[in-house]
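Worksheet: the structure to be examined is printed underneath.
The values are calculated or read from the model by the stated rules, or taken from the named source; none is laboratory data. As the structure is a computational prediction, the values presented were derived from the model and not from experiment. Every residue, glycine as well, gets a Cβ built from its backbone with ideal geometry; the counts of neighbours run over all protein chains shown.
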Amino acid sequence: MSHRERRLEPRIQPFVQRCVALAGDRRIPGYVTDLSARGARIISPEKPPPVGTPVILEMAFRRPERRVRIMGSMKWAHSQRDKKDFVFGLAFVDLKREDEELLARVIADFAERAARLGSASATGREG
């Protein structure tokens, strides 16, 4: 699958969800700022592990209520200009079926709520 095809997948962006990336004995706190069924972008004040490092991403969702631990692999990382934060990308690997289904539900729910809010603001109503 090409980079362009992967980007055609539904994704949540912007998205802000507290998370912890576990890499070996390191706990890297941060926020998921972009989420798809195949991976996530994370911002953190801590330096991420090297590209290729296996990572477990922990986060909790409210709709549906569930904590997840998703296996991933570091794909890229850089520091933000003029800021002290780091941004890095994870590709999910060996997703369990229930995690795939949960991610699909979370992304669909987010898109539905965003559409309702957009519709309400276009007509002057709050949703």
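Some observations on this one:
- Flag for Ser73 being of a type in the set (Gly, Ala, Ser), over 26 Å from Arg113 (Cβ atoms) and modelled with pLDDT of 95 or more: yes
- Taking the conditions (1) more than 28 Å from Arg113 (Cβ to Cβ); (2) in a strand (DSSP E or B) in turn, Leu90 satisfies each one other than (1).
- Whenever a residue of the stretch 33-58 is of a type in the set (Lys, Arg), its partners that are outside any strand (DSSP E or B) and surrounded by fewer than 16 Cβ atoms within 10 Å (Cβ to Cβ), lying with C-beta atoms within less than 9 angstrom and at least six residues away or across chains, give the pairs Arg38/Met1; Arg38/Arg6; Arg38/Glu9; Arg41/Gln13.
- When the stretch 16-65 is filtered for residues that are small (Gly, Ala, Ser), surrounded by fewer than 15 Cβ atoms within 10 Å (Cβ to Cβ) and within 14 Å of the chain's Cα centre (by Cα), only Ala60 remains.
- Among the criteria (1) part of a loop (DSSP other than H, G, I, E, B); (2) under 21 Å from Arg97 (Cβ atoms), the one Ile70 does not fulfil is (1).
- Against the conditions (1) β-branched (Val, Ile, Thr); (2) farther than 14 Å from Ser36 by Cβ; (3) without any contact (Cβ under 8 Å) to a residue 40 or more places away in the chain, Val87 satisfies every one except (3).
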